[in-house]
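Written out below as structure tokens is the structure these notes cover.
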Amino acid sequence: RCFCKLQGEVDDCSCKVETLDSLNNNKIYPRLKSLLSRNYFRYFKVNLQKHCPFWSDDSRCALRDCHVNICQEDEVPIKKKDTARHGKAKYSEHNNVKGQENGNIESCAEERELSALDTTISKEKMAEFQTWKEHDESLPMFCEIDDEDSDGMEYVDLLLNPERYTGYKGTSPRKVWRSIYEENCFKPENNVKYGPELVGDLESTMCLEKRVFYRLISGLHTSINIHLCDQYLFPDKSGFGPGTWGQNLEEFQNRFDPELTKGMGPQRLKNLYFTYLIELRAITKAIPYLESETFYTGDIKEDVEVMEGVSDFLSVAASFQHHFDESKLFKGNTDEMKQLKAEFVHHFRNISRIMDCVGCDKCKLWGKLQTLGMGTALKILFSGESMNPGSTVDAKSKNFQLTRTEIVALFNAFGRLSSSIHALETFRSLAR
Ligand code: FAD
């Protein structure tokens, strides 16, 4: 039996690893794989040119496999949506796409009427906009979100730039990971030695909120490292050829086998399941919002298919929404709790900024996408009207908005975790 065949409850959640393996590999992974290949999800807008805000060593990595192919704007099949941000306009746009498909003249007429309204900015609309703006600004912002139209923002085709082995190793990634764990995760109480090596009895040294933070980051780290083992570049034996891509069991064992990792590997693998459950919970909490989203690209047929695909995926995900209870976090309205929440947000924002210090563009691309996806999940979890388990983010509420980039990041980040859990199955069979 491979050490990577984990068993038992995911820590701080109420779900068994075995149950998640089965749900993910049979239901979630195939659906997401197909969904993430659609145009709406495959083009991600990102700024890879930003300078590292924390240290000067932000030299560009010259490794061949770190290169990212940028798309020209005119190659990207995503049209810009007009001003409609949510609410009735959003619903009507949704109906309109379906309406055209079914020849539903009524909803098209309604849409025309709303579009006409949209072009005149009434006092009422300005006041409404001000309310959204004030609310958006009052939400805890886990990541700095770049303006889509700002300098340096470029589209990347994620399918043409997969997350895989790049050869990025040594001082630079070590510094990034160290800074993440040592400067931006919480320190355990009682002076327990802290660092990436932190392991073992987290429950007795850290409160739930701090454990959640650590496990989220460790789960992300696990996922990144599983992908580089799953799609590893074996050099050509002659030394002249391009090499071949495949699973590297030895690399995987070096990173996760308990005997080779002072017992820490399995715990790190378990943290992957934790991160997966948190992002899954966030997605299910946002079901009403996501079901009203149009996934607009401008291609009606594609958009309808994507809406149907998302709806099918959400119906499967919905059965797993109660395995993490975010209402247990930041309980009580004390100053201490408020401070803890502010620190949680501040640390996470720092980690998202540290991604600009990653010295390999491909790793930076996926690092930025996955931290934005995780930040979006946290924004959803802590934005509900009510924090009760099972509460949802109301689609019609004026108080909640996600940008296209956040939705793309959320789904792709979750897709990465899903793909990592799926890859574990392959390593299990290779290790037999
Ligand atoms: P590292 O993975 O660098 O880990 C550093 C230390 O952290 C380890 O010694 C260990 O003590 C601890 N640690 C390891 N895993 C965990 C965990 N799950 N939880 C807690 N602690 C842990 N390389 C690629 O080939 N492709 C990529 O796409 C890629 N993306 C990256 C994205 C980012 C944001 C970063 C920072 C690095 C990325 N890398 C990528 C590099 C990769 O993650 C490793 O840093 C690299 O392979 C060197 O590995 P290492 O053995 O030195 O240990």
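The values are calculated or read from the model by the stated rules, or taken from the named source; none is laboratory data. As the structure is a computational prediction, the values presented were derived from the model and not from experiment. Cβ atoms come from the backbone with ideal geometry, glycine included; neighbour counts cover every protein chain shown. Quick note on the areas: whole protein, heavy atoms, side chains included, nothing else; ligands and nucleic acids left out. Shrake-Rupley method; radii C 1.70, N 1.55, O 1.52, S 1.80 Å.
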Taking loop as defined by DSSP and a crowding limit of 16 other beta carbons within 10 Å, which trypsin sites (Lys or Arg not before Pro) in segment 203-248 fit?
K237
Of the listed pairs K5/K338; K33/K169; K80/K285; K5/K301, which have alpha-carbon separations greater than 31 Å here?
K5/K338; K5/K301
Can you give the extra length, in nm with one decimal, that the chain gains between M141 and M337 once fully stretched, where that is 0.36 nm per residue apart less the Cα-Cα distance?
68.8 nm
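Got a number for carbon plus sulfur as a percent of segment 234-337's accessible area, 1.4 Å probe?
Taking all protein chains in place, segment 234-337 shows 50 percent carbon and sulfur surface.
Give me the number: length gained by fully extending E250 to L159, i.e. 0.36 nm times residue separation minus the C-alpha to C-alpha distance, one decimal in nm.
So the extension gain works out to 30.1 nm.
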Once you sort the root eigenvalues of the Cα gyration tensor of segment 240-285 as a ≥ b ≥ c, which label holds: rounded (a/c under 1.5), prolate (a/b larger than b/c) or oblate (the other case)?
oblate
Which trypsin sites (Lys or Arg not before Pro) does segment 261-341 hold that lie in a coil by DSSP with at most 15 other beta carbons within 10 Å?
K262, K331
Counting only other residues whose beta carbon sits under 9 Å from that of W366, what net charge do I get with K and R as +1, D and E as -1?
+3
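Work out the FRET efficiency for E259 and I300 from their Cβ-Cβ distance, taking R0 = 45 Å, and round it to the nearest 0.05.
Efficiency for this residue pair is about 0.20.
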